[in-house]
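Visitor: Below you will find the structure I want to go over with you.
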Amino acid sequence: MPNGKVRFYDEEKGFGFIQGDDGQQVYLHNSVLPAGHEVVAGTRVEFSVAEGRRGPQALSVRVIDTPKLARRNRKSADEMAIIIEDLVKLLDGLGERLKHGQYPERQQARQVATMLRRVADDFDV
């Protein structure tokens, strides 16, 4: 499967274009994006290609790497300290439940996983 970078993507309109590593321009529609992934200009993707009505179209898109957030979008150290303290309290509560043999409910587990990913993204800029 070819690789490339998203050259342009308009989330409102739900489409964009991929510049393949081979130079090929490929249409990208939001319906072929994996659930839960944000796509912005510069995102590295792996994809298959099919011939569409208006030319090559991406199918089976897999996000390889997303560009790092700009440092100016990073939360301040004071804000992050509060978030981390709250997250530690939440994880302590989950740890106690796990000690008693109880896993968290699916919805709560997903929320915690999402929070951990967002904190990791803020640290990894």
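What follows draws every value from the coordinates through simple rules; no lab data is involved. None of these values were measured; they are calculated from a predicted model. When we count neighbours, we look across all protein chains shown, and the Cβ atoms used for this are built from the backbone with ideal geometry, even at glycine.
Visitor: Å³ per residue of the Cα convex hull, for region 71-123? Let's see the in-between values first.
Guide: Values: hull volume 3.6 nm³, N = 53.
Per-residue hull volume (Cα only) is 68 Å³.
Visitor: Next up: Percent of Cα-Cα pairs more than 19 Å apart in region 3-65, please. All intermediate terms of the calculation are to be shown ahead of the outcome.
Guide: Values: 288 of 1953 pairs.
Considering region 3-65, 15 percent of its Cα-Cα pairs are separated by more than 19 Å.
Visitor: How far apart, in nm, are two points set 7 Å out from the Cα along the Cα-to-Cβ line at Arg106 and at Asp121?
Guide: So the label points at Arg106 and Asp121 sit 2.4 nm apart.
Visitor: Just going by the charge dipole of the chain, with Lys and Arg at +1 and Asp and Glu at -1 on Cβ, which of Ala81, Val32, Gln111 is farthest out on the positive end?
Guide: Val32
Visitor: Same structure again: List every residue whose amide H lies under 5 Å from the amide H of Ile64, counting only residues 5 or more places away in sequence or on a different chain, with H placed 1.01 Å from N in the peptide plane.
Guide: Amide H to amide H, under 5 Å and 5 or more residues apart or across chains, Ile64 pairs with Arg44, Val45, Glu46.
Visitor: Where does the longest stretch of the chain lie that holds no GluC sites (Glu not before Pro) found in a DSSP loop with 13 or fewer other Cβ atoms within 10 Å? Before the final figure, lay out each step's value.
Guide: On the way: sites that count: Glu11, Glu12, Glu38, Glu105.
Looking at the chain, 39-104 is the longest stretch - no exposed GluC sites (Glu not before Pro) with at most 13 other Cβ atoms within 10 Å.
Visitor: Test of understanding: extend the Cα→C-beta vector of Gln24 to 7 Å, then name every residue of region 30-56 with backbone N under 18 Å from that spot.
Guide: 32-33, 44-56, by backbone N distance to the label point.
Visitor: For the chain, compute the number of Lys pairs whose alpha carbons are separated by less than 22 Å, excluding pairs fewer than 8 positions apart on the same chain. Before the final figure, lay out each step's value.
Guide: Working: Lys5/Lys13; Lys5/Lys68; Lys75/Lys89; Lys89/Lys99.
Taking the Cα cut-off of 22 Å, the pair count is 4.
Visitor: Still on this structure: For Asn3 and Arg54, FRET efficiency with R0 = 35 Å and r from the beta-carbon atoms, rounded to 0.05? Display every interim value, and only then the final one.
Guide: Working: r = 22 Å, r/R0 = 0.63.
Efficiency, from the Cβ-Cβ distance: 0.95.
Visitor: Taking neighbour Cβ counts within 10 Å as the exposure measure, how do Val61, Val88 sort from fewest upward?
Guide: Details: Val61 24, Val88 10.
The order, fewest Cβ neighbours first, is Val88, Val61.
Visitor: Same structure again: What 222 nm value per residue comes from the helices of the chain, counting each DSSP H run with n ≥ 4 as -39,500 (n - 2.57) and dividing by all residues, nearest 500 deg cm²/dmol?
Guide: Numbers: 2 runs with 41 residues, N = 125.
Result for the chain, helices only: -11500 deg cm²/dmol.
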